[in-house]
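The values are calculated or read from the model by the stated rules, or taken from the named source; none is laboratory data. Computed from a predicted model, the values in this text were never measured in an experiment. Please note: Cβ atoms are built from the backbone with ideal geometry, for glycine as well, and neighbour counts cover all protein chains shown.
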Amino acid sequence: MNVIGTAGHVDHGKSTIIKNLTSIDPDRLKEEKEREMTIDLGFAWLNNTNTHEPVGIIDVPGHEDLVDNMLKGVFAIDLALLVVAATESIKQQTIEHLEILKLLSIPRIILIVTKKDLASKEMIAGTLSDAKNLLKDYEYNESKNIVVDSTNSEDINKLKNLIFTELNELSPRKISSNARMYTDRVFHKKGYGTIVTGTLLEGKLKTGQDVYLNGVTKSRIRGLQSYDQNVNTANAKTRLAINLTNIDKNTISKGDHITSEFLPELNNSFDAKIKLSKSFKKSIKHNSTIQAFIGSRQINCRLILGNLKEINDHTSHYVHLRSDKKISCKVNDPIILRSSGETIAGGEILNTGSSLKLFKSPVYKEYLNALSKNDIQNAAEKLININKVITLGKLKTQLNQNIDEIKNKLSNLQKNKTIIIIKNNSNKDIQLIDVKWWLKKSKEMINILQNFHDNFPLRDGINKKELIQKLFPGYETRTASSLFDILGQNSKFHHKSDLISLNENNNSRPEHTEGISGIIKSINNNTNPLIQTGEIDKEVISYLINKSIIVRLANGIYVKQEWFNLSKEKILKHFEDNDKLEIQTAKSILNTSRKITIAFLEKLDSDNTTKRIENNRILMK
């Protein structure tokens, strides 16, 4: 499947050629017929006799005031028909349209010199020579050309054959499994509902399939129509009308993005590689306001040039764009920049959702360089280095490459010990980790633990949650926990419940200092279960609790662990023959004061051994 489009100055015969090629009048608006001038995009098609497939045609307006409309159609074409009237030769809009085709990287152009029946041989020869030279100026040196009388059937048939031959010479396009389309018309049809039209850029769509408006709002395809035929499926580079369910016409605008995958991140910042228009003789300034055309959408943007104050040459430059609204778009989408009714630059989007701080970093420029050269392995390495940790899914979206190609490059990086690839059991959200960052995090964890042991020598380790927050601040909780679980597998680290320590600390740390040994001896020799902790350091108390020498009851009361265990056994024995326990009964069983009894019972409650109901306790099952 292919889509072609017209280009050229107003009244040079673009619509007439399409009408005679297809028997379809692309001028559908009443105003267009009254003024005999194309105003909005027109659509038609013809059957390719070589492939027996329909070829979509987009007819664009040629007036200088309607370049914005031209841009919203021409971005999706594979082959352009540059129309120049022999009676007028090259005009301003001929040049601007050709510049736009070049900036959009449209691969092939057919030069059509029209109105040969109204021009002399000299006029035709002069126009043909001027147009060929113009094409060479824009590096379309191999473009085919044809001179026609648009009303002559023999000329039209020759043009058809030339179109089919040129389409056959196109390079195979990159295959994508995810379908997407920018809308160029939106309307409501009674009995059907909301209908959008556009050129399916990638992937495949089918009736009954779920799709997303701007990657977020879910809908379903009620019906598909292509070239006036109802179809069940549609492939890339097909002109489509899509009947959508559950979406009101007024919620969709021309230029909105229809995708087959959920894209939760709408963005208002983009990085692009651009080049100034050949005929643009001025400079573009840092922080200037421009209009950006992405797909069939037009947005206002602030142009950020990084360390440059202006761009005044015709070499490639990276720019950062911040738009006035969040939109859905994709890496490698073409972009055209206009200002004050003039096309000033164009190129392609290389990243979405980036920050100005990131845009200014040297390693990010290396990433953009690799991506623009299609050096996927180097681009993947730089992107992982920038993010430190990134999922395979996000990497694929950022690089906009075939998943098998990406996996092949990642395998090379893993062999080179540049990255670590971590797979989970479901094989989803594969984590890609920068090795240098990972080694740094391992050293950081060792330092945190060593400092902790130095400051708290009596503690068994640092709390796992606290350690995760220190190591991975700003990371989403699930991601941080996943990373920690992998990092913690290092044999240098010891895990005890939710406490993490250095193994060397557990092996070399003396179990008792002389002072603690004396405290333990005093506790063991004392027949009173109640422990007086007033003069004991808090760290020592924590140590005695962790070593199961004492137990903290409610209200800051401490007792011997041995007494607590025996007392608990007595209470459990009571419940063998009783359903409930009163405080006074417990006091008698424990043979202690009411204060200690209540603190003891509240400890059992907090341990979920018992449950308080009014003034009684019951045993938890």
Of the residues THR114, THR94, which single one is modelled with pLDDT under 95, assigned by TED's automatic domain parsing to the domain that holds MET70 and touching a Gly at 6+ places or on another chain (Cβ under 7 Å)? THR94
Among THR87, THR49, the single one that is within 17 Å of ILE163 (Cβ to Cβ) and among the β-branched types (Val, Ile, Thr) is THR49
Out of the residues in segment 520-551 that are charged (D, E, K, R) and under 26 Å from ASN455 (Cβ atoms), which is surrounded by the fewest Cβ atoms within 10 Å (Cβ to Cβ)? GLU535
Return the residues of segment 591-621 that are part of a helix (DSSP H, G or I), closer than 12 Å to LEU553 by Cβ and charged (D, E, K, R); say none if nothing qualifies. LYS595, GLU602, LYS603, ASP605
Hey, any hits in segment 181-193 for a residue that's surrounded by fewer than 16 Cβ atoms within 10 Å (Cβ to Cβ), among the aromatic types (Phe, Trp, Tyr) and closer than 26 Å to THR6 by Cα? yes
Go through (1) in contact with a strand residue (DSSP E or B) (Cβ under 9 Å, 6 or more places away or on another chain); (2) farther than 27 Å from ILE24 by Cβ; (3) modelled with pLDDT under 95 one by one and return the number of the condition ARG220 breaks. (3)
Candidate set: segment 84-133, residues that are touching a residue at least 24 places away in the same chain (Cβ under 8 Å) and among the hydroxyl-bearing types (Ser, Thr, Tyr); chosen: the one nearest to ILE156 (Cα to Cα): THR114
Selection from segment 200-233 of residues in a strand (DSSP E or B) and closer than 23 Å to LYS326 by Cβ yields LEU201, GLU202, ASP210, VAL211, TYR212, LEU213, THR217, LYS218, SER219
Please determine, by comparing only the residues of segment 235-271 that are among the basic types (Lys, Arg) and either surrounded by fewer than 21 Cβ atoms within 10 Å (Cβ to Cβ) or in a loop (DSSP other than H, G, I, E, B) (or both), which one is modelled with the lowest pLDDT. LYS254
Quick check on segment 131-142. Is at least one of its residues of a type in the set (A, V, I, L, M), modelled with pLDDT under 95 and in the same structural domain as ASN47 (by TED's automatic domain parsing)? no
Residues that are polar (S, T, N, Q), modelled with pLDDT of 90 or more and under 19 Å from SER176 (Cβ atoms), drawn from segment 203-217: GLN209
Lone qualifier among LEU308, LEU337 - being hydrophobic (A, V, I, L, M, F, W, C), touching a residue at least 12 places away in the same chain (Cβ under 8 Å) and not in a strand (DSSP E or B): LEU308
Inside segment 593-615, the number of residues satisfying the requirement of being within 14 Å of LYS580 (Cα to Cα) and either outside the structural domain of ILE557 (by TED's automatic domain parsing) or of a type in the set (Lys, Arg) (or both) is 2
Could you go through segment 100-111 and let me know if any residue there is surrounded by 16 or more Cβ atoms within 10 Å (Cβ to Cβ), basic (Lys, Arg) and closer than 18 Å to VAL10 by Cβ. no
I need the full set of residues from segment 563-584 which are exposed (fewer than 12 other Cβ atoms within 10 Å of the Cβ) and in contact (Cβ under 8 Å) with a residue 12 or more places away in the chain, in order please. ASP579
Report, ordered by the first and then the second residue, all pairs with beta carbons closer than 7 Å, sequence separation of six or more or different chains, a first member in segment 150-166 that is touching a residue at least 12 places away in the same chain (Cβ under 8 Å), and a second member that is part of a helix (DSSP H, G or I). SER150/THR16; SER150/ILE17; SER150/ASN20; THR151/ASN20; ILE156/ASN20; ILE156/LEU21; LEU159/LEU21; LYS160/LEU21
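Conditions tested, residue by residue: (1) touching a Lys or Arg at 6+ places or on another chain (Cβ under 8 Å); (2) of a type in the set (S, T, N, Q); (3) under 30 Å from ILE390 (Cβ atoms); (4) modelled with pLDDT of 85 or more.
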{"position": "ILE500", "(1), (2), (3), (4)": "yes, no, yes, yes"}
{"position": "LYS538", "(1), (2), (3), (4)": "no, no, no, no"}
{"position": "TYR543", "(1), (2), (3), (4)": "yes, no, no, no"}
{"position": "VAL551", "(1), (2), (3), (4)": "yes, no, no, yes"}
{"position": "TYR558", "(1), (2), (3), (4)": "yes, no, no, yes"}
{"position": "GLN561", "(1), (2), (3), (4)": "no, yes, no, yes"}
Just to be sure I understand the filter: pairs with C-beta atoms under 7 Å, separated by 6 or more residues or on different chains, first member in segment 398-421 and more than 28 Å from ALA272 (Cα to Cα), second member not in a helix (DSSP H, G or I). Which pairs pass? GLN414/ILE421; ILE420/ILE433; ILE421/ILE430; ILE421/LEU432
Can you confirm whether ASN490 is assigned by TED's automatic domain parsing to the domain that holds ASN463, under 30 Å from LYS394 (Cβ atoms) and not β-branched (Val, Ile, Thr)? yes
Mind counting the residues in segment 128-157 that are loosely packed, with under 12 Cβ neighbours inside 10 Å, within 20 Å of LYS91 (Cα to Cα) and among the hydroxyl-bearing types (Ser, Thr, Tyr)? 1
Before we move on, is SER588 in a helix (DSSP H, G or I), in the same structural domain as LEU530 (by TED's automatic domain parsing) and more than 25 Å from LEU544 (Cβ to Cβ)? yes
Which one is surrounded by the most Cβ atoms within 10 Å (Cβ to Cβ), of the residues in segment 194-217 that are within 20 Å of the chain's Cα centre (by Cα) and without any contact (Cβ under 8 Å) to a residue 40 or more places away in the chain? GLU202
Sort out which residues of segment 333-388 are among the basic types (Lys, Arg), closer than 25 Å to TRP438 by Cβ and surrounded by 17 or more Cβ atoms within 10 Å (Cβ to Cβ), and write them in order of number. LYS382, LYS388
Counting only residues that are under 16 Å from the mean Cα position of the chain (by Cα) and among the charged types (D, E, K, R), which one in segment 387-444 is nearest to PHE484 (Cα to Cα)? ASP429
The residue from ILE344, ILE311 that alone is more than 28 Å from ASN378 (Cα to Cα), among the aliphatic types (A, V, I, L, M) and either at pLDDT 95 or above or over 17 Å from the mean Cα position of the chain (by Cα) (or both) is ILE344
Quick test for you: out of LEU458, LEU449, pick the one residue that is surrounded by 14 or more Cβ atoms within 10 Å (Cβ to Cβ), within 48 Å of the chain's Cα centre (by Cα) and at pLDDT 85 or above. LEU449
Hey, among CYS329, CYS301, which residue is buried (at least 20 other Cβ atoms within 10 Å of the Cβ) and at pLDDT below 90? CYS329
